[in-house]
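Notes follow the structure.
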Amino acid sequence: MPVALSLALVGCGQTNVDARMKAYREQQVRSLIGEYSQARVRGDLLAMCVKSNLISGAYVDADDAGSAEAWRARNAQDCRAARALYAPEAADRRAPNAA
């Protein structure tokens, strides 16, 4: 009986760890989206480029492929805009559909 109880408690512990990791990853995504929103309000194109990349990665960590892909697309747009502002000569040399 003690072995069965121990195994059951180990399983409960893993469930608790999984729930905590999920909550942590969700909080990380919310925090990064908040930072992205602040950068957007400020019109900080470079910060938007960086933050959208971090958000995409956070969604990958959270096993949310659809949201990660949506943020990768947004990241491409944000970085294209930042490149056009801060390095227009580099943006001109890139292919029209390159991120």
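The values are calculated or read from the model by the stated rules, or taken from the named source; none is laboratory data. This is a predicted model, so every value here is computed, not measured. What goes into the accessible areas is simple: the full protein's heavy atoms, side chains included, and nothing from ligands, DNA or RNA. Shrake-Rupley method; radii C 1.70, N 1.55, O 1.52, S 1.80 Å.
With all protein chains present, calculate the accessible area of Arg25 using a 1.4 Å probe and round the result to the nearest 10 Å².
Surface open to solvent at Arg25 totals about 80 Å².
Rank these residues by their accessible area, most exposed first, probe 1.4 Å: Ser56, Ser67, Ser37.
Ser37, Ser67, Ser56
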